[in-house]
Amino acid sequence: MAGSTPIGTPVRLVALGGLGEIGLNLMAIECSGSALVIDCGVMFPDQPELGGGVLIPEFAWLERTRAKIEGIVLTHAHEDHIGALPHLLRRIKVPVYGTDLTLAFVRRRLAEAAFAEEVSLVSIRPRRPFLAGPFEVEPIRVTHSTPDSVALAIRTPAGTIVHTGDFKIDEAPVDDGVFDRERFAELGREGVVLLLSDSTNVERAGRTPSESSLKPVLREIMSRSRQRFFLSAFSSHLHRFRQVAEVAAELGRRVAPLGRRISESVRLGLETGQLPFHPGAFIEAAEAQFLEPRKVAYLTSGSQGEPLSALAQLSNGTHPRIQIEPEDVVVLSSRFIPGNERTINTLVNRLYKLGAEVFYDAVAPVHVSGHANREELAEMLVLTRPKYFVPIHGEFRHLARHLALAIETGIPERNCFLLEDGDTLVLNGTQAHRGQNVDSGRVMIDEGGARGDVAVLGERRVLAQEGTVTAILIVSAKTGQIIAGPDLVSRGVVSGDGTSEHMRRARDELAARLRYLGGPYRADAITLKDEVVRTIRGYFSEELGKRPLVVPHVVEV
């Protein structure tokens, strides 16, 4: 660490997101009146059909310590690492450090968020240490599913902390960005006090296949097709787009991005050299529709079934320019993220109904992960030889398994810490221990950019699974007698032929109960509403095992 901070000054690791879930990656390292933030990502709800936009981390602790924060360092360009930046930068004005491609995606993200204020974006390069306040940070090249990804070696008074970011050890990368095994080994020999390592694929044995292993698969699928070829992947997956473009050039096809995000990613890839092609290799979708089907390959978003994506529009027949035709080939080149399976399966079925042939990971090897499998994770532990270890970037089971792997490689169990969001770890020259917890959590950002309570998603889930019943009745304000009703309207509670019968019986049961309450005891409107909810929910719980949301409307006249 630069400056005069004495060796042994306590260093605190603050986990604010990404420990216990996939996404929301956000961490801070605090020392002697300064703090450094690493990544700032979003998380997508596991049921996108319920709405809610995205989830971002709770920034309360960062806002309280804003005067200490020297900067935000980014490991790579994926949304779960940069997507929440606009929301944080509206609250905290600090420099943002990242590689060229990562910063290009940050600029796009800020523009999409209509971020008008000037932000200091500082370009960093592997093996070139830089200062962020008193922190000396060295980026280290790693291989991942998006180019220009780095790990970070952060020198502190307690020793060197290595944060791997997202990584795998790709021995045959698509570009020249070879995993810097030598530098990790050097750091291990110099001494690493703490390793923070990606846990995503710890449950998978062996090693993750190389990204370049996809090229022959894509070539085989594309060469067999006499019709149009569509590949859907995340918009930042430039390595995959590069391979599609290379195969397309071999087979005499032009490549056309579909959708704003994909088109913008291709533009950024061309500008930064991550897509090393003459711009003429890519054409506009408006031009591509006039080519012979066997002369075009499309890149599109929507591999997770996102309802507004170009691929979803194609499957629905609502795309403004292009319609899926029989024997078109569609490749979903990404894993099915847990929680999205039903939506993706619906999309695949629609494409098949339109006559397309669809390839996805369960039927063909059209995707490889960007995360290290178990053998590579063990290699990282052996290379860096950390004194202490904290698994990051994973659900709790991933963190627990990674912790066990670290112990297997020889790190003492007492030196391994299983942290969750809000936990802290304090390091000094001789020991590490858990510190006081800090505020953490999730904030929902709706499609319009407004902040909301995550509990709303739970309420929407209840509506989707249990349905609603609206009960309307008119009572005399003077006597309490029912003048009209109750009338019931249901949505999503009962389907098919039993609807009218169940609604009639529920209405009769409610009417009988309300006649009693409107009699000699004369219930007030609040009591009547409570009884409506209790009776209707009780009926459907007993008859159908459902507890719908009941909305009572009692009108006094």
Exercise. Can you give the helix-only mean residue ellipticity at 222 nm for the chain, where every DSSP H stretch with n ≥ 4 adds -39500 (n - 2.57) and the sum goes over all residues, rounded to the nearest 500 deg cm²/dmol?
Worked result: -9500 deg cm²/dmol
For this session: First select every other residue whose beta carbon is under 9 angstrom from the beta carbon of GLU376; then total the charges, Lys and Arg +1, Asp and Glu -1.
Result: +1
Exercise. Given a cut-off of under 8 Å on Cα pairs at least six residues apart, what relative contact order in percent is computed for region 211-359?
Worked result: 29
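Write out the chymotrypsin sites (Phe, Trp or Tyr not before Pro) in region 272-361 meeting two conditions: DSSP loop, and at most 11 other Cβ atoms within 10 Å of their Cβ.
Those that pass, being in a loop and sparsely packed, are PHE290.
In region 219-251, what trypsin sites (Lys or Arg not before Pro) fall in a loop by DSSP, with at most 15 other Cβ atoms inside 10 Å?
Values: sites: ARG219, ARG224, ARG226, ARG228, ARG240, ARG242; in loops: ARG226, ARG228.
Qualifying residues, ordered by number: ARG226.
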Problem set entry | Inter-centroid distance (Cα atoms) of region 363-434 relative to region 221-272, Å | 35
Problem set entry | the chain, relative contact order in percent, only Cα pairs under 8 angstrom and at least six apart counted | 16
For this session: Between beta-carbons, use under 13 Å as the cut-off and find the net charge around GLY191, counting Lys and Arg +1, Asp and Glu -1.
Result: +2
Exercise. Which of the peptides 93-100, 120-127, 160-167 is most tightly packed, and how do the rest follow, judged by the mean count of other Cβ atoms within 10 Å per residue?
Worked result: 160-167, 93-100, 120-127
For this session: Quick one, could you list the DSSP H helices from the chain stretching 15 Å or more along their long axis (Cα atoms) with average Kyte-Doolittle hydropathy of 0.0 or above?
Result: 100-112, 374-384, 396-408
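Report the longest stretch of the chain that contains none of the GluC sites (Glu not before Pro) sitting in a DSSP loop with at most 15 other Cβ atoms within 10 Å. Provide the component values of the computation, followed by the final result.
Working: sites that count: GLU117, GLU118, GLU171, GLU203, GLU284, GLU327, GLU420, GLU447.
Between exposed loop sites, the widest span is 1-116.
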Problem set entry | Rel. contact order, % - alpha carbon contacts under 8 angstrom, at least six apart, region 67-150 | 32
For this session: Collect residues whose amide H, placed 1.01 Å from N in the peptide plane, falls under 5 Å from the amide H of PHE230; neighbours closer than 5 in sequence don't count.
Result: TYR298, VAL329, VAL330, VAL331
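Give the percent of DSSP beta bridges with both residues in the chain that are antiparallel, rounded to the nearest 5. Write out the running numbers ahead of the final one.
Numbers: 48 of 95 bridges.
Antiparallel bridges: around 50 percent, rounded to the nearest 5.
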For this session: Grab the other residues whose beta carbon is less than 10 angstrom from that of ASP39, score K and R as +1, D and E as -1, and report the net.
Result: -2
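FYI, it's all coordinate maths here, none of it is from the lab. Worth saying up front: this structure is predicted, and the values here are computed from it rather than measured. Neighbour counts are summed over all protein chains in view; Cβ atoms, including those assigned to glycine, are modelled from backbone coordinates with ideal geometry.
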